[in-house]
1. Please pick out the residue among ARG155, ARG195 that is charged (D, E, K, R), buried (at least 19 other Cβ atoms within 10 Å of the Cβ) and touching a residue at least 12 places away in the same chain (Cβ under 8 Å).
2. Give the residues of the range 57-80 that are in contact with a helix residue (DSSP H, G or I) (Cβ under 6 Å, 6 or more places away or on another chain), among the small types (Gly, Ala, Ser) and closer than 14 Å to ALA197 by Cβ, sorted by residue number.
3. Look through the range 102-127, keep the residues that are of a type outside the set (Lys, Arg) and assigned to a loop (DSSP other than H, G, I, E, B), and return whichever of them is nearest to ALA201 (Cα to Cα).
4. Among the numbered conditions (1) at pLDDT 95 or above; (2) farther than 20 Å from GLN168 by Cβ; (3) of a type in the set (D, E, K, R), tell me where ASP44 comes up short.
5. Assess whether GLU119 counts as being exposed (fewer than 14 other Cβ atoms within 10 Å of the Cβ), touching a helix residue (DSSP H, G or I) at 6+ places or on another chain (Cβ under 8 Å) and among the acidic types (Asp, Glu).
6. When only residues in the range 122-139 that are loosely packed, with under 15 Cβ neighbours inside 10 Å and touching a strand residue (DSSP E or B) at 6+ places or on another chain (Cβ under 8 Å) count, which is farthest from GLU154 (Cα to Cα)?
7. Mind listing just one residue for me: the one in the range 88-101 that is of a type outside the set (Phe, Trp, Tyr) and either farther than 18 Å from ALA201 by Cα or free of Cβ contacts under 8 Å to residues at least 12 places away in the same chain (or both) and, of those, surrounded by the most Cβ atoms within 10 Å (Cβ to Cβ)?
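The values are calculated or read from the model by the stated rules, or taken from the named source; none is laboratory data. No experiment lies behind these values; they were computed from the predicted model shown. With ideal geometry, Cβ positions are generated from the backbone for all residues, glycine too; neighbour counts draw on all protein chains shown.
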Amino acid sequence: MMKEGQLSSAGKIRIIRAERLHEDMAARRFSNLIGFDDAPFSHDHIGPVRVVGTIFTGLHLTGVVIGEVEKDGADAAEKLARLVTESRFAEHVQLVMLQGIALAGFNVVDVFDLHQRLEMPVLVVSRKLPDLAAIQRALTTQVREGEQKWALIERLGSPEPAGYVYVQRVGLTLEDAQAIITRFTLHGHIPEPLRVAHLIAGALVNGQSHGRA
């Protein structure tokens, strides 16, 4: 006779199958993604910074878009939304994935604005747990309109663990986010749309990809 709280082997198998089914459904529901990362730039750079978006259908790279955002600016959400809506991939993309909450230095992405413009979920992925206290200090003491930018980060909430990375999200559950990370990660810990965008962005500036993706 089983004690209270114990499950039979069959019961455990049913739970595992249910969890896998949920992961499969989430991955299929968001099977067409675009992942954005910025190109490297020098510390003294002033002006626009290249941004690369890679479009994936499942695990297949199906397109690339390239644009610009202002270093330490406030135009990221608008520019990223335009890159999606003005591309030939617009009707297929179901979710936007970002490599961190900021591009081009401290051009903090207004994720809620991006979500509203595109009417689709936005998933922010970080390799390591961000030091939010340090980010707040830097924004509020060194960056123009830093208080407003910090408010965007604060509104999004603390990063949550998802596999080997941390995520922030708008328009999808943590369970969906975890399933998407698992489905789209092949090499290392970073999902393919972001890993490939990072490689292409580096090659645009340096002539070849460089560093860990």
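1. After applying the criteria, what remains is ARG195.
2. GLY67
3. Ranking the qualifying residues of the range 102-127, first place goes to ALA104.
4. (1)
5. Answer is no for this residue.
6. It comes out as LYS128.
7. Of all residues in the range 88-101, those of a type outside the set (Phe, Trp, Tyr) come to 88, 90-101.
Filter again for either farther than 18 Å from ALA201 by Cα or free of Cβ contacts under 8 Å to residues at least 12 places away in the same chain (or both), leaving 88, 90-95.
Details: ARG88: 9, ALA90: 12, GLU91: 8, HIS92: 15, VAL93: 21, GLN94: 14, LEU95: 23.
Only one residue tops the list, namely LEU95.
Yes/no per residue for (1) aromatic (Phe, Trp, Tyr); (2) farther than 14 Å from LEU33 by Cα; (3) in a strand (DSSP E or B); (4) touching a Ser or Thr at 6+ places or on another chain (Cβ under 8 Å):
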position: ARG88; (1), (2), (3), (4): no, no, no, no
position: PRO130; (1), (2), (3), (4): no, yes, no, no
position: TYR166; (1), (2), (3), (4): yes, yes, yes, yes
position: LEU172; (1), (2), (3), (4): no, no, no, no
position: GLU175; (1), (2), (3), (4): no, yes, no, no
